[in-house]
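Everything below concerns the one structure shown next.
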There are 2 protein chains.
Amino acid sequence: MSATVQFRLRIYQNEAIAIGPGKVALLEAIARTGSISAAARELGMSYRRAWMLIDETNRGLKSPAVHTAAGGAQGGGTHLTPVGEALVRHYRDIERTAHAAAARQIRALTQLLAD
Amino acid sequence: MSATVQFRLRIYQNEAIAIGPGKVALLEAIARTGSISAAARELGMSYRRAWMLIDETNRGLKSPAVHTAAGGAQGGGTHLTPVGEALVRHYRDIERTAHAAAARQIRALTQLLAD
């Protein structure tokens, strides 16, 4: 049996998704690559789409998750702020906690599945 | 702050969703209404779509979740089997368990949100 279990957390604020799997994956890609365009490429989305998701994420938070430095002698660069890092960490912690806490019940559910 | 938190569990089998929020909501509507067409209406989907989801659910399980009795003197009728009832119960238990276990971390995450 090859069942895989996916837990997806979405936090809605004013009827829009403030935090969800797409935004978190984008923040993680920015942390890895240090660049919006590289992160967008990695996730197969347009630069414009990535930029809009980041803008939406930043505006939904008390303080921004992503900081973009202006280009200069050392060039620009995009990185997560401490708030962005906390956001990603809490989000992944929640998924892990949920999985672990419900492991027995998830097993009971997957045992109903055909092989 | 009006943040609402949604946990969605999906179980994939052979790269298709074997159990997910849509199928569980449909099973619950069938349990409530005793009828595929009434359940479909309640969820705003076509009879055909509901029927296909039920068929897919049944075929993905070791034994079916939904039983449809042929019409007769007492008329037909659709109800959940014990397996269907267990499926819904486990699924909702998992959501509740996940929520409760991660409550503190969810609070930490929602506190990052703008009001």
**OP:** Report yes if B:ILE11 is surrounded by 15 or more Cβ atoms within 10 Å (Cβ to Cβ), assigned to a strand (DSSP E or B) and touching a Gly at 6+ places or on another chain (Cβ under 8 Å), otherwise no.
**Re:** yes
Original post:
Where residues in the range A:78-96 are surrounded by fewer than 17 Cβ atoms within 10 Å (Cβ to Cβ), more than 8 Å from chain B (Cβ to nearest Cβ) and of a type outside the set (Ser, Thr, Tyr), which of them is farthest from A:HIS67 (Cα to Cα)?
Top reply: A:ARG96
Original post:
Regarding B:ILE54, is this residue over 25 Å from B:ALA18 (Cα atoms) and not aromatic (Phe, Trp, Tyr)?
Top reply: no
**OP:** Consider only pairs whose beta carbons are under 9 Å apart and that are at least six residues apart or on different chains; among these, list those whose first residue lies in the range A:1-20 and is aromatic (Phe, Trp, Tyr) and whose second residue is surrounded by fewer than 18 Cβ atoms within 10 Å (Cβ to Cβ) and at pLDDT below 85.
**Re:** A:TYR12/B:SER2
Subject >> Unique residue being touching a residue at least 40 places away in the same chain (Cβ under 8 Å) and touching a strand residue (DSSP E or B) at 6+ places or on another chain (Cβ under 8 Å) when the list is B:ALA31, B:ALA65 >> reply: B:ALA31
**OP:** Could you please give the count of residues in the range A:102-115 that are touching a residue at least 40 places away in the same chain (Cβ under 8 Å) and more than 7 Å from every other protein chain (Cβ to nearest Cβ)?
**Re:** 1
Subject >> Of all residues in the range B:14-56 being surrounded by fewer than 19 Cβ atoms within 10 Å (Cβ to Cβ) and of a type in the set (A, V, I, L, M), the one that is farthest from the other protein chains (Cβ to nearest Cβ) >> reply: B:ALA38
Subject >> Checking A:LEU61 against (1) within 14 Å of chain B (Cβ to nearest Cβ); (2) more than 30 Å from B:VAL88 (Cα to Cα); (3) surrounded by fewer than 18 Cβ atoms within 10 Å (Cβ to Cβ), the condition it does not meet >> reply: (3)
**OP:** Answer with yes or no whether A:HIS99 is more than 7 Å from every other protein chain (Cβ to nearest Cβ), in contact (Cβ under 8 Å) with a residue 40 or more places away in the chain, surrounded by 14 or more Cβ atoms within 10 Å (Cβ to Cβ) and closer than 30 Å to B:ASP55 by Cα.
**Re:** yes
Subject >> Qualifying positions in the range A:1-13 - closer than 18 Å to B:THR4 by Cβ and either away from every other protein chain (no Cβ under 12 Å) or not polar (S, T, N, Q) (or both) >> reply: A:PHE7, A:ARG8, A:LEU9, A:ARG10, A:ILE11, A:TYR12
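The values are calculated or read from the model by the stated rules, or taken from the named source; none is laboratory data. In this text, all values refer to a predicted model and were calculated from it rather than measured experimentally. Backbone-built Cβ (ideal geometry, glycine too); neighbour counts: all protein chains shown.
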